[in-house]
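Working notes for the structure below.
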Amino acid sequence: MSDQRKVQTWVIVGAVLGATLFGCFVFGVITAAIMLPVFTQAREKAKTVSCMSNQSQIARALQMYAADNDVLPAASQWADKVKPYLRNDYLFVCPSAKQLRCGYAFYRPLSNRKVSSISNPAAVPMLFDSSKGQFNYADEGQSLDLRHLNGAVISFVDGHLKWFKESDAKALFQKRP
């Protein structure tokens, strides 16, 4: 085989190898572009589940406080009043809003209310994702933050909680308990 023939063979092999590597690179980039939103959504779902766990523990602490004191805490002191019932203060930090000291707010109309005076505790919000970030913050749903896949986690007086999309979440705060 002549030297010129060897060079041509190596040029062809190099071109085929280069085209194959380029094709793999392009395929990898396309696959990554397709999969990135899937991974991002999965990560946010995991944060939502963690937030639900936090709210569940705080809601249980609010129920224990009410059982011990015959009333829910004053809206201006709700977080301080439930701290003794919680294992740590990190539960107040929502994983999707780590920049906030406290990612949750108490539903103000429940301030100093007896749970027994609430006719349908399963339909009355008690704790919700809030954009204010302050301990002991309470309002009537104005600070509701839709940080979990365009929805919010809301805990109810009976202790259950649920993720709601925007329209359904805002509708919960229209009725008085």
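Laboratory data are not the source of any read-out in this text; all were calculated from the coordinates shown. None of the values given here were measured: they were computed from a predicted structure. Positions of Cβ are backbone-derived with ideal geometry, glycine not excepted, and every protein chain shown enters the neighbour counts.
So here's what we get for this one:
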quantity	calculated
Rough spin-label spacing in nm, given labels placed 7 Å along Cα→Cβ, for Glu44 and Lys83	3.3 nm
Entries in Lys47/Lys175; Lys114/Lys175; Lys45/Lys170 that, when Cα-Cα distance is taken, lie over 24 Å	Lys47/Lys175
Cα centroid separation, segment 70-113 to segment 127-177 (Å)	13 Å
Sites Asn69 and Ala122 - FRET efficiency at Förster radius 22 Å, r taken between beta-carbons, to 0.05	0.55
